[in-house]
Amino acid sequence: MPDLVDLQKLREMRDSGRITVEEYDKGTELLYQKSMRQAGVRRATKNGAVYILLAGFLGVTGLHNFYAGFWGRALIQLGLSLTSWLFLFLPLILVVLWVLIEIFLQNKDADGNPFGGSRFLIVGLRIGTVLWLVYTFYITWKNNEFIWQDNTVVVTDEDMV
């Protein structure tokens, strides 16, 4: 596409048939973005710390994905969570694992804009999530000392206290 000078020139190129409608639409979007950058206006970005906190506390409801604009994902997570009792809560386990993966790997909102906020806080929340998982597994293992005998699990009386 030739260099874009202004919207009027872009319209003339479209009307004369030198560019397609798709190229015109793309050109207008590029001109808009360029003018916004020159004016110093930035799109409002979603906060990564808020995303992680929503995922950590209300993740099975998909609220963090509603916040970031991922409506499809959010509706699937909410639907799986609400209907998980029909399937022995197995979908709920899958949603929890899905949310944990999103906590560590999601860095952009649905529009492709990087999350804003303090990078230090975001990394700290992710490290805190790892520590919380390790602590939870440790406490679960410590409080459920199993004795393995002949491929059978026997729980001692001390564990029942």
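Structure notes:
- Tabulated pairs, region 111-131, first within 21 Å of L97 (Cβ to Cβ), second in a loop (DSSP other than H, G, I, E, B), C-beta under 9 angstrom, 6+ apart or interchain: I122/N107; I122/F115
- Among the residues making up region 99-122, those that are assigned to a helix (DSSP H, G or I) and in contact with a helix residue (DSSP H, G or I) (Cβ under 7 Å, 6 or more places away or on another chain) are V99, E102, I103, F104, L121, I122.
- Looking only at region 76-98, residues that are in a loop (DSSP other than H, G, I, E, B) and among the aliphatic types (A, V, I, L, M) come to 1 in all.
- Failed item in (1) over 28 Å from L131 (Cα atoms); (2) in contact (Cβ under 8 Å) with a residue 12 or more places away in the chain; (3) surrounded by fewer than 18 Cβ atoms within 10 Å (Cβ to Cβ); (4) of a type in the set (A, V, I, L, M), with L10 passing the rest: (3)
- For the residues R73, R37, the requirement of being part of a helix (DSSP H, G or I) and either crowded, with 17+ Cβ neighbours inside 10 Å or in contact with a His (Cβ under 8 Å, 6 or more places away or on another chain) (or both) singles out R73.
- Test: residue in region 42-54 that is closer than 30 Å to V130 by Cβ, out of contact with any Asp or Glu (no Cβ under 7 Å at 6 or more places or on another chain), free of Cβ contacts under 8 Å to residues at least 40 places away in the same chain and buried (at least 16 other Cβ atoms within 10 Å of the Cβ): yes
No lab work stands behind these numbers, since they all come straight from the coordinates. Here the structure is a predicted model, which means the values were calculated and not measured. Quick reminder, even Gly has a Cβ in these numbers, built from the backbone with ideal geometry, and neighbours come from all protein chains shown.
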